[in-house]
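Accompanying notes for the structure given below.
Laboratory data are not the source of any read-out in this text; all were calculated from the coordinates shown. Since the structure is predicted, the reported quantities are computational estimates derived from the model, not experimental observations. As a convention, Cβ positions derive from the backbone with ideal geometry for all residues, glycine included, and neighbour counts pool all protein chains shown.
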Amino acid sequence: MQDPENKIRETARVGYEPHFSWQYLKPQYWGIWLGIVLLIILAFIPYRWRDKLAGKIGLIAGQKAKKQRHRARLNLALCFPDWTEQQREKVIDEMFITLGQVMLGIGEIAVRSKKHLQQRSEFLGIEHIQQAKANGHNIILLVPHSWSIDASGIILHTHGMPMTSMFNPHRNLLIDWLWTRTRVRFGGKMHTRQNGIKPFLSMVKNGNMGYYLPDEDFGAEASEFVDFFATYKATLPGLNKMAKLAKAVVIPMFPRYNAEAGKYQMEILAPMTLTDDPVQSARAMNEIIEYFVGQTPEQYAWILQLFRTRKNGEDIYSN
């Protein structure tokens, strides 16, 4: 007889509705439950105290996370070859500080009220979304991988803007269930990438804003090699087709966590101009990322394997 947990895991790989399982009460999950309790406690601690603690933890963790730090160094060296080593190391340290602050703030995003989350957020350029809606357009938000992507999506829900997005299920089933419930606590719908893009586009056509992350590397066959900062990147070229199929405009947005202001800040730009040229579409996405990330590079997830696919087949992350 198949183990129930393995059955759940297999289902998670092809798309599913997350649900509670009594399996999550097994001893193997007790450490996670303890972590959840600590995050909920931190949710009610003044954020400035929490951010100071989180910054110190993030800095220490960043020194110990050898593989992640190595990837960040490689990515920054490719994108900013004119920077000194000290400049790159400073950005990496600041990135881990930001990561720590966002991670220790997860409990706040998961359990605090709409009013509280709205007070902890601010928008620059929200009129672009409002105008597009007033004109009857469907909307796909183009959101690069900042550390605050999940928090900002949940906060947008509190403002009456339900969204749909795609995600890869977490390997740990309990974390996956808990975080998926958090993402949809104020509405919206999550789709696993294993289900393809059709469910996502269908919901955008029905009026939900699409929350699209443009900077993952899906390999040479699915991508175009286009410029990205001082290097090039395998970039998905289908943004223009997605917009047409969903009858949507594409609006760029970049979420940041500003610890000094104590705010999740969302910068929103005017709708993109896209042509039928897939290369232009891919390059336009990268230009948006360059604009956002160039202002606050520490907010970006430099630990991702952004350049896993190279023209010569080299694996730059192998060592």
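Which whole-number percent is the relative contact order of the chain (Cα, under 8 Å, 6+ apart)? Please report the intermediate quantities before stating the final value.
On the way: 504 pairs, mean separation 73.8, N = 319.
It comes to 23 percent, rounded to a whole number.
For Lys311, give me every one of the aspartates and glutamates with a C-alpha distance below 16 angstrom, ignoring sequence neighbours fewer than eight places off in its own chain. Result set, ordered by chain and number: Asp217, Glu221, Glu224, Asp227. Estimated from helices alone, the mean residue ellipticity of the chain at 222 nm is -15000 deg cm²/dmol (sum of -39500 (n - 2.57) over DSSP H runs with n ≥ 4, per residue).
Cut-off 14 Å, label point 7 angstrom out along Cα-to-Cβ of Trp22: give me the residues of region 157-188 whose amide nitrogen falls inside. Those under the cut-off are none; the list is empty.
Stretched out fully, how many nm does the piece from Arg73 to Glu216 gain, at 0.36 nm a residue minus the Cα gap?
Numbers: separation 143, 0.36 × 143 = 51.48 nm, distance 1.78 nm.
Once the chain is fully extended between Arg73 and Glu216, it gains 49.7 nm.
Of the trypsin sites (Lys or Arg not before Pro) in region 23-121, not one is in a loop by DSSP (not H, G, I, E or B) with at most 10 other beta carbons within 10 Å.
Loop only per DSSP, at most 14 neighbouring Cβ atoms within 10 Å: give me the chymotrypsin sites (Phe, Trp or Tyr not before Pro) in region 32-110, ordered by residue number. It would help to have the intermediate numbers written out before the result.
On the way: sites: Trp33, Phe44, Tyr47, Trp49, Trp83, Phe96; in loops: Phe44, Trp83.
Those satisfying the criteria are Phe44.
Extending 7 Å from the Cα toward the beta-carbon at both Phe44 and Asn258 defines two label points whose distance is 3.0 nm. In plain terms, the chain from Arg171 to Glu122 could stretch by 14.4 nm, reckoned as 0.36 nm per residue minus the Cα-Cα distance.
The structure-derived value of Cα extents along the principal axes in Å appears in the list [x] 65, 50, 49; [y] 52, 49, 49; [z] 62, 37, 32 under the label [y]. Annotation: lysines with alpha-carbon distance below 20 angstrom to Lys64 (same-chain offsets under eight excluded): Lys52, Lys56, Lys90.
Of all aspartates and glutamates in the structure, those lying under 18 Å Cα to Cα from Lys198, and not within fewer than 8 positions of it along the same chain, are Glu17.
Selection among His159, Ile289, Pro144 by position relative to the dipole of region 4-299 gives His159 as farthest towards the positive end (Cβ unit charges, Cα centre).
When +1 charges are put on Lys and Arg Cβ atoms and -1 charges on Asp and Glu Cβ atoms, the dipole computed for the chain relative to its Cα centre reaches about 1000 debye.
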